[in-house]
Structures are given as C-alpha cells and as structure tokens.
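So the structure is just underneath, and the comments pick up after that.
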Amino acid sequence: MDELTLVRELLPDAAPPTGPVVAAARNRLDTSMHGPRRPHWRPRRGRPVLLVTGVLAAGAAAALLTVTLLPGGQPAYRAHRKAPGLARSLTATGARQYLLAMAGAAGQAKVTGRYWCSVVRQGSREIIGAGNKELTAPWLNGVAHPSAARPAGYQYSVIERSQGEDCLEPPHGSWPGGTVGGYDQSLGIQFPTAADRAAWQRDGSPTRVGAWYADQSDSFNPGPRVWTGQKPGWGSYASLSADPARLKAQLSAQLPGPGSPVAKWAEHSTGESYSEIRNDMLFSAAVEVLRDPVRSAVQAAAYRVLATVPGVQVKPGVRDVTGQAGTAVWLSHPGDQMVDYQFIDPANGYLLGDDLIAVTTVSGLPPGSLLTYNEEVSSGWTNTPPDKPAH
Amino acid sequence: MSDATVIEKSWADPEQFGAIFDRYFSQIHRYLARRVGSKLADDLAADVFVAAFAQRTRYDLDQDCARPWLYGIATNLVGAQRRREQRYYRALARTAAATAAPGDDEDRLTDRLSAAAAGPALAAALATLPPGDRDVLLLVALAELSYPEVAAAIGIPYGTVCSRLSRARRHVRGALGDINPMQVKEPTDG
C-alpha cells in the first residue's frame, strides 16, 4: 500500500451532502447572484502578551510554571463561570477522594440557559528552522518518545495561537440539536521566551514566520473572526449516563480492544502495555465529557470515572500557563517525556484547559517548556445566542 | 453544453451559473468533507460556489471543464481554514480506528486495517505537512486530479506539482517511521 492509498483510507469518501445542506448552499448562491454581501465583524477583545519564564520542578511532581502576563497581569478576557453556593475550599488527602469531592461540586451546577457557548483558545509551539521554514514538531506529530537533541537547523520557537467560539443548542421541536453559530480566529504568533525573540531578530526579523508560502505562513497579527455558521448535529451528548458505572461502560465500549490495530500501534509507539493504554484512553474520554455540553450530573459521573483510573494524580493550587488558578489532574508513567496536565476549577468542576509540558529535554527544549495549550476562556449555559454578523 | 459555455452565458445571465452548482456541488462537498470534516464542509462548499460565481468573468474559456478551477477555489478556502484543518487531523490522530465496512473484500479490508494502524501517525503527519505540499497531495489522492489539473487548479508549474508531491510523500513516509502497516495483523477482537 502506498502513501496515497493510506491517505484515502484515513480520509474515506464522505456521504453525499444532505438535501438541506444542498438547499442552503444553493440559497447562498442565489443570494449572491442578487447583490454583494458585506461581512461585519464584532470588535476584537484585548489579548494578553504571554511570556513563559519558568521551569517545571524536577521529577514533574507539580506544575510550577511561572507565567508573566504583559501588560496588566490579569488577562482581560477572563469570563469565569460561577456556581453559586459552592465552596472553593474542597480539599482531600488523595487524588481519588479529591475527584469524588469534585463530583459533588459538579453535580450541583444547574442548566440555566438555552445555549451551551464556549470560547477556547489554543496554542501550539512550532519550531522554525533555517530559511524561516517550519520544522516537524514531535509533539504535534504523534511521537511518544522524541529525541532530546535539537532538530537539524533549529533556530527558534513560536507559539501559534487561535481561538474558537461555538454555541450549541440542544434538540427541540424540529431542531435536531447542534451548533447554532460561532467564530474562528487566528490570534497570531508570540515568542515563548526572550531567547526565541532574539533568535528571530538574528534571523532578520521576518514579519511572517514558517514561510513555505507568503500567504500561508504565520503572522504576528490576529486574523479576522470568521463566522462558522450553523451546523446541526448533537452526537451522543444526550445518551451519556449520569450513573458512573454505566458511563464508564459507555466510554469503555468506544475504546479499541486488545489486539486491534490502534492498540497495537499505540503499544508499538509508546512501549506501554494494553492496560496502560486503555487507562490513558479512558482518562481522556472522561476528560472529554467535562468539556461537553452534558448535564451536570453526567459531569459529576465523569469525575467518579476519573477517580477509578489507576495512576491519576491531582495537585490543587497551581496555575496554568495562562495564569488561571485551579487544580491539575493528570496521568503519568515512568519515562514520560511530556505530560498533559488538565486544569479544573475546584469551585464548580469545570475544565479550565490543559497544558502539554516537556518534563525532560525534548528537541533541545528544557524541562518545563510549554508545547501546546488549550484554554477554556469561558463555557456554560446562556440565553444569549451568538452575535451573528450582519450581511 | 460545456462548463465554459455555461460560465460564459452566466456573464450576462447569472442564473445560468446554477448549472455549474448542480454539476459539481456534491463532489466538491465530498472533497472538503474528507479534508476538514463534514460540518465545516457544509459551509466551505457553499463558499466555493459563491466565490466561483464572483470570479466567473475571469474564467479561462479555453478550459472546457471547470472541475480543476472549482477544486482550486476549494483548496484556497481550506487554506484560509488551515488551523481548523490541522485541528481536524489532530483529532483524527487521537481517534483513528479501524472500521471494516460491509462488503469489503480482502484487499480492501487489508487497506483499511493498514491505514488504521498507521492512522494516528498519518493524521499527525497531515497536520504538520506544509500547506502547499498538503494541497497537492490531497488534490491527487482525494480529488484524483491529474498533475496538469493540479497545476491549473492552484496556479503552479507542472514541475512544482511533482516536487511538492514527492516531498509530501517523503514527509508521510518519514512520519510513519519504522511502522510497516503491512505487518499489522488483523484484530483478534475489538
């Protein structure tokens, strides 16, 4: 089998567009035939300048990243969700007890709106080589055990950032449920350290970075907020159980079985046993539930599932790379070179985001280096629909 | 009536352009769905024909078939959604799994299992492929355009198509490392 066949099999032929999709597209074309449309965007909100200056403590026992936010310290975009009446002082002596306590907090939140709206910011470290070209970053390429050595030609790193906004509405009447609207936006690139900025300056201070093509490279400037439109599709959100044992069974049923090609590939690439890989996948599946527009009782059940995963670790009172205070939850294994820390809000059990951090030297980057992050800027139920651009 | 004739008629009679939509919307949508997922494809496919309509007076009437032109527009629109496309592939890298479809013959099943075994690395490789190389690879692999059609679609020389495709295939092979999908056995369960 050659690469082209592999690509075709990975991205199998899709079903034809449905009648409503064709009709909507045809309607847009018809509209465009009768006069131009003028997009209108809401003004952008302020953005912090991020400069990671710290390192991770030896042994990766705790996420001790020190973050400097310039200017102003506190990001301007914080839109923290509140769960009235829930104490912030939940404590426990161990990870399991802590997660069971979080189940109690998460289960008390109420659905208070018609739409589930979320704003997520993402960042990925890209490495730039000679000639201003982007090099393959192991952490973006599914490599479990990357080399400690710098890739040939390595010059400096940048953090490429973007933001996604989505509002979903559950099914009702003839509406099948799904996204009622949202935006996508590039936030531009930033330097993770002053040393990276200096290396960029030595490289001639290119205004666009990673330039395979002038129009495809990364810019320092944010791009426009692009309306992503309505997309019906509610998935399995409604069918997830609030009973922890049933939820665990539902999530486990979706995992690849022992001997399956995916499991074999994971065993090969990570060197872990199937039971360890299954633990990892169950942990990830339960965390995804925390991210989804499910009932709070289902989120509570997800915490109870997390409490059953062997090796889960918890550390309250830490900050993520964007400065959010919360509790870190993660799985670690002997020999890990990178750890993906999930951050939760102890007040209400909401997911704050996750940071993928190098815990050994990776591609020449020292321990503690940020590799990728997701920041859940805001998410929750609201009665306010997305602000659709006027045409 | 050739596409070129339809498009020329649409210069004076815009409604004629509907025939281009009717001929190609489904295949453009399917190409986009394979690249970025069906949800985003719904919007992008509509965008392709709105953009094509706006550009119809610049269409090269010597080209009877509008297919490469439309794929070129679709590819450019995907380029504007580069981060979404990368996120889609990274999501695939986390979830790629084997699914044998009813009616698969043995070769087809082997192909599916091989792609599934290599899936996470392959999807991650697509996510990190330089955009221009990825465009060429996917226009050949998914849209099944010929090299000259790819050159016409995205406005690059024929030789550049060859070099980008060669580089993309090397990148994919490199990302698969020492995994040989052909050595992965069929699952015993799951």
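The values are calculated or read from the model by the stated rules, or taken from the named source; none is laboratory data. All of these numbers come straight from a predicted model, not from anything done at the bench. Every residue, glycine among them, receives a Cβ derived from its backbone with ideal geometry; neighbour counts consider all protein chains shown.
If only residues of segment A:232-252 that are surrounded by fewer than 15 Cβ atoms within 10 Å (Cβ to Cβ) and in a loop (DSSP other than H, G, I, E, B) are counted, the one that is modelled with the lowest pLDDT is A:Gly235.
When residues in segment A:299-352 are screened for being assigned to a loop (DSSP other than H, G, I, E, B), under 27 Å from A:Gly364 (Cβ atoms) and touching a Gly at 6+ places or on another chain (Cβ under 9 Å), 7 of them pass.
Only one of the numbered conditions (1) touching a Phe, Trp or Tyr at 6+ places or on another chain (Cβ under 9 Å); (2) modelled with pLDDT of 85 or more; (3) not basic (Lys, Arg) is not met by A:Val321, and that is (2). Across segment B:9-26, the number of residues qualifying as surrounded by 17 or more Cβ atoms within 10 Å (Cβ to Cβ) and either facing another protein chain (nearest Cβ under 10 Å) or farther than 24 Å from B:Val136 by Cα (or both) comes to 7.
Restricting attention to segment A:142-193 and to residues that are over 16 Å from the mean Cα position of the chain (by Cα) and facing chain B (nearest Cβ under 9 Å), the residue that is farthest from B:Asp133 (Cα to Cα) turns out to be A:Gly178. Considering only residues in segment B:151-174 that are more than 13 Å from every other protein chain (Cβ to nearest Cβ) and touching a helix residue (DSSP H, G or I) at 6+ places or on another chain (Cβ under 8 Å), the one that is surrounded by the fewest Cβ atoms within 10 Å (Cβ to Cβ) turns out to be B:Pro157.
Looking at segment A:317-329 only, could you name the residues that are touching a residue at least 12 places away in the same chain (Cβ under 8 Å) and surrounded by fewer than 16 Cβ atoms within 10 Å (Cβ to Cβ)? Correct list: empty. Out of A:Ser332, A:Ser241, report the one residue that is in contact with a strand residue (DSSP E or B) (Cβ under 7 Å, 6 or more places away or on another chain) and of a type in the set (Gly, Ala, Ser). Residue meeting the stated conditions: A:Ser332. Does B:Ser38 qualify as being surrounded by fewer than 19 Cβ atoms within 10 Å (Cβ to Cβ) and either facing chain A (nearest Cβ under 9 Å) or out of contact with any Lys or Arg (no Cβ under 9 Å at 6 or more places or on another chain) (or both)? No; evaluated as a whole, the condition is false for this residue.
Does segment A:269-281 contain at least one residue that is modelled with pLDDT of 85 or more and closer than 14 Å to A:Gln342 by Cβ? Yes; the residues of segment A:269-281 include at least one that is modelled with pLDDT of 85 or more and closer than 14 Å to A:Gln342 by Cβ.
May I ask you to say which residue of A:Tyr350, A:Tyr373, A:Tyr341 is more than 20 Å from A:Trp139 (Cβ to Cβ), buried (at least 23 other Cβ atoms within 10 Å of the Cβ) and aromatic (Phe, Trp, Tyr)? Answer to the selection: A:Tyr350.
Yes/no matrix, rows are residues, columns are (1) surrounded by fewer than 19 Cβ atoms within 10 Å (Cβ to Cβ); (2) at pLDDT below 90; (3) in contact with a strand residue (DSSP E or B) (Cβ under 6 Å, 6 or more places away or on another chain):
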site	(1), (2), (3)
A:Ala109	no, yes, no
A:Thr112	yes, yes, yes
A:Arg121	no, no, yes
A:Lys133	yes, yes, no
A:Trp139	no, yes, yes
A:His145	yes, yes, no
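A count restricted to segment A:135-170 and to residues that are hydrophobic (A, V, I, L, M, F, W, C), within 26 Å of A:Leu187 (Cα to Cα) and free of Cβ contacts under 8 Å to residues at least 40 places away in the same chain stands at 1.
Tallying residues that are closer than 25 Å to A:Asp218 by Cβ, hydrophobic (A, V, I, L, M, F, W, C) and not in a helix (DSSP H, G or I) within segment B:122-151 yields 1.
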